[in-house]
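Presented below is the structure to which this report refers.
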Amino acid sequence: MSVRAKRVARRSTRGKRVTRSAWSRHVEQATLTSGDDLLRDAKAAFDRIRDPALQMRLAYEIADTRARELCLAYKNVVMVAAGYRMKRAARGATKIEKTPCVTFVVRRKWKGKGPASQRQQRLPSHLFTYTGLDGAQALCAVPTDVVIEQGFSRAKPQAPSGIVADGEVGNATCAAVLQVGNRRDLVILTCQHVLTPERTLNTPQPLAGTQVVLLNDTSIPLALTSSNGGQIRSDSNPSFDVQLTGPANPDALRSALHGLSLSPGREYLSDKSSFDAIANSTQFSMLVSPNNPPKRVTLPATFVRYVANVQGIPYRFIINANGDWQERPVNHRLLIMFRILSAQKTEGGDSGSPIVMRLPGGKYTLVGMHIAGGIEGGFAYSYAIPAWLLFNWTQYSHLPPGATLAPVNA
């Protein structure tokens, strides 16, 4: 056959090439379903992890590093956290299943029905990550949970039980020794929104010089507030709602702390891994002031989840010289969320209350500081700053390098 005849034959043969749009749809669908064949083995690998602290660490790492991309990928997601799975129980209440998971916080619950474009927005039941297991790298599938944003959005700071600053009622978390150079002072550590209740917009620094007194006897001075603290910011940057007083009156301080006795050598949890190791099996206690009505002393609590980088707790900011105020959502680098186990709930004036674990002999280890309370699924919750951040001098805006801060018994 001549060359000309071959060309004519090729032109007369009918066929259809793959178009770019068809190729694109095929590859997209393959990408969306990739990993389906790996899920069973990855779930089994996660279940083979016998250490719940490692399971929680994997969930936390996903939430901490992938929150932004997951929020961009799924339009209904407003926040990503790590904690335990919540299961709906009888009469609409929820119970905690102590399975570490990644928690999607969403605007509303949705069953994933609708057109294909909407079904692609259905949240995954598991998220993949690698970890060392049985001497090798193993692909694990971390389960996910979905909760509605409502409980988070209603959380409130709870100052206005033992102290008063500028008319604001709160609780002293603990006594601490602050050492800067050769100077060593006994100070009070508590919430900044207790010691500096009047925050001016765009002025995140704490105020110094305010007299702090006992709630049950306002004639007894405790200390003056100091400028040592974090920043409460009205922008998207993380805040640190902690402030120290100046040198404190030791006798009055013992009364303000209501007999809190920290265990020597185990005064506080110094890192997240220490908390992960006990979170699954420990009942914690929130020590509220007996002077703050209604009369309460201890609220039993259990760990629910970590909330990293965001939370959006509304704080009041003064916006003009007339004293008018406006609420703005405030983000935090890391909060621990506890469920209150009794029928009681947190109250205004509980901010600053220490959250502790009880050790043999009646001593305590400080776990965190309560800064806000809320209701979710019919249960009361506490949002707390972890103890390992409370004593990290780099979190404080006015402490110089080399400064140390450590909890002590008053």
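Please work out the Cα center distance from the range 256-270 to the range 382-408, rounded to the nearest Å. Using only Cα atoms, the two centres lie 15 Å from each other. Accessible surface of the range 275-401, 1.4 Å probe: 53 percent of it comes from carbon and sulfur atoms.
What the chain shows is 50 Å² of accessible area per residue, with the surface traced by a 1.4 Å probe over protein heavy atoms. Dipole magnitude for the range 320-380: computed about the Cα centre from +1 point charges on Lys and Arg Cβ and -1 point charges on Asp and Glu Cβ, it is near 380 debye. For a modelled paramagnetic label at L341, 7 Å from Cα along Cα-to-Cβ, the residues of the range 270-287 in reach, with backbone nitrogen under 18 Å, are 275-287. Ellipsoid fit via the Cα gyration tensor, the range 229-357: semi-axes of 26, 21, 17 Å, each the root of five times an eigenvalue, largest first. Applying 1/(1 + (r/R0)^6) with R0 = 22 Å to the Cβ-Cβ distance of D36 and L72 gives a FRET efficiency near 0.45.
Reported value for the chain: 236 Å³ per residue, from the convex hull of its C-alpha atoms. The dipole here belongs to the chain: it is taken about the Cα centre, uses +1 on the Cβ of Lys and Arg and -1 on the Cβ of Asp and Glu, and is about 3380 debye.
The values are calculated or read from the model by the stated rules, or taken from the named source; none is laboratory data. For clarity, every value in this text was computed on a predicted model and none was experimentally measured. When we count neighbours, we look across all protein chains shown, and the Cβ atoms used for this are built from the backbone with ideal geometry, even at glycine. Accessible surface is based on the protein model in full, side chains and every heavy atom, while ligands, DNA and RNA are left aside. Shrake-Rupley method; radii C 1.70, N 1.55, O 1.52, S 1.80 Å.
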